[in-house]
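All of the numbers you see were taken from the coordinates with simple rules; none came from a lab. These figures come from a predicted structure and were not determined experimentally. Cβ coordinates were reconstructed from backbone atoms using ideal geometry, including for glycine residues, and neighbour counts include every protein chain displayed.
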């Protein structure tokens, strides 16, 4: 395709400048492949194929080197991420509290409410992730409000998953 992330940075209407690390990498995954990956994310369980394809259209793919901070606790967040390859550590208040591996996702809270990041994610190995911006999610919900119930189911599932890990 020949494009780089620097050519494809997207800001939604009314969003602030993007404050997270943005490496320059080729964009390589097809929309169909991206939709399949998004369909495997519990947050998007139950979404119709057309919804996943719509989300995939505005998703980009990023590479991070060992030690890169993908998101940082307390910073504004406008996107969620899905881990395609590699692994990262999850830090809260400087302490390691978990790990993300292929198939995991993070940043969903900021992607849904635009609030600050609740954790820092640092690449422990080279990582490849998909990034999906908040404005894409909000736009789709505005066009198809019934989709919000399916997202709510995914959010509740995520909360229950976290409670099982910590409880």
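If you wrap a convex hull around the C-alpha atoms of region 58-104 and split its volume per residue, what is the figure in Å³?
Looking at region 58-104, the number lands at 84 Å³ per residue.
What order do you get for 122-132, 140-150, 82-92 when each peptide is scored by the mean count of other beta carbon atoms within 10 Å, highest first?
Descending packing order for the listed peptides: 122-132, 82-92, 140-150.
If the viscosity is 1.306 mPa s and the temperature 10 °C, what translational diffusion coefficient in µm²/s does Stokes-Einstein give for region 119-167 when Rh comes from Kirkwood over Cα pairs?
118
Quickly work out the residue 95-to-residue 125 label distance, labels modelled 7 Å from Cα along the C-beta direction, and quote it in nm with one decimal.
Distance between the two pseudo-spin positions: 2.7 nm.
For region 65-167, what D do you get in µm² per second when you plug the Kirkwood radius from alpha-carbon pairs into Stokes-Einstein at 37 °C and 0.692 mPa s?
230
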